[in-house]
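Input: a single structure, listed below in structure tokens.
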Amino acid sequence: MPRPPRHDESTLLDAAVRLAAAGGPAAVTMSAVARESGAPNGSVYHRFPQRSALLAELWLRTVEEFQAACLPAFDAHPEPHLAAGAAARQVVAWCRAHRERAVVLLHGAEAFGKAEWPEEYLRRERLGGRRVRKALTGLAGRAGATTALDVDRVRLAVAGLPLAVVRGPLHAGAPLPAHAEDLAERSAVDLLRGGRP
């Protein structure tokens, strides 16, 4: 049975995550990933023929893991405001558990050279966007959203508020407050409940 490759794609991307979290997207170069992972330069180029492919895969792996962890929470409760609270809590919990990846996520796709991504990566990014919109539309419909303002309130509850809770500490290199999940959840519930008990 052949041995698995010592420097597989996951190992290289983990190194890229560490570099991006510490120094931003500009720190993720082919040679830096090779040094950080202990892989020969040729191994990096074998997996990623150009830097744009490396950056695209780094971003997409991160956002796809985030979506896989957080989107199921949209259906966590039959009551839409409680489902929004669960989703907001999960966003913060994921960021706490995956701090470096959360920093990558906060930079946004454009910072990772989206304009230069090969088409196969752009297709994956669009697919992920459709999954998020479908989940958001479903939750908004359950919450009785009838206007663009209503839908934006749901988006703020499940994404804007929890990311605001984590953004400052993550960028400052500080720990998330112990109450961060509770703050995100309660804020989301209150926003969608509109002050009703």
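Here, each number is a calculation from the coordinates, and none is a lab measurement. It should be emphasised that the depicted structure is a prediction, and the values quoted were computed from it without experimental measurement. Virtual Cβ from ideal backbone geometry, glycine too; neighbours counted across all protein chains shown.
What is the magnitude of the charge dipole of segment 59-193 about its Cα centre, with +1 placed on the Cβ of each Lys and Arg, -1 on the Cβ of each Asp and Glu, and no other charges, expressed in debye to the nearest 20? Intermediate values should be presented prior to the final figure.
Values: 19 positive and 16 negative charges, 29 e Å.
Around 140 debye, computed over segment 59-193.
For segment 1-49, what does the alpha-carbon gyration tensor say about shape, rounded, prolate or oblate, given a ≥ b ≥ c as the root eigenvalues, a/c under 1.5 as rounded, and a/b over b/c as prolate?
Numbers: a/c = 2.62, a/b = 1.92, b/c = 1.36.
In terms of gyration-tensor shape, prolate.
Taking a quarter of the surface of the convex hull around the Cα atoms of segment 113-197, what do you get in nm²? Let's see the in-between values first.
Details: hull surface 31.1 nm².
That works out to 7.8 nm².
Could you calculate the contour length gain from ARG167 to SER10, that is, 0.36 nm times the residue separation minus the distance between their Cα atoms, to one decimal place in nm?
Working: separation 157, 0.36 × 157 = 56.52 nm, distance 2.57 nm.
Using 0.36 nm per residue and subtracting the Cα-Cα distance, I get 53.9 nm.
Please arrange VAL17, VAL166, VAL33 by how many other C-beta atoms lie within 10 Å of their C-beta, fewest to most. Show your work: numbers first, answer last.
Working: VAL17 20, VAL166 24, VAL33 28.
The fewest-first ordering by Cβ neighbours comes to VAL17, VAL166, VAL33.
So how much slack lies between ARG126 and THR29, counting 0.36 nm per residue of separation and subtracting their Cα-Cα distance, in nm? Provide the component values of the computation, followed by the final result.
Working: separation 97, 0.36 × 97 = 34.92 nm, distance 2.50 nm.
Taking 0.36 nm per residue and subtracting the Cα distance, the gain is 32.4 nm.
For segment 59-193, with the dipole built from +1 on Lys and Arg beta-carbon atoms and -1 on Asp and Glu ones, taken about the Cα centre, which of HIS81, THR147, LEU71 lies farthest toward the positive end?
The residue sitting farthest along the positive end of the dipole is THR147.
What's the whole-number percent of alpha carbon pairs in the chain lying beyond 31 angstrom? Write out the running numbers ahead of the final one.
On the way: 5007 of 19306 pairs.
Here the long-distance tail beyond 31 Å is 26 percent of all Cα pairs in the chain.
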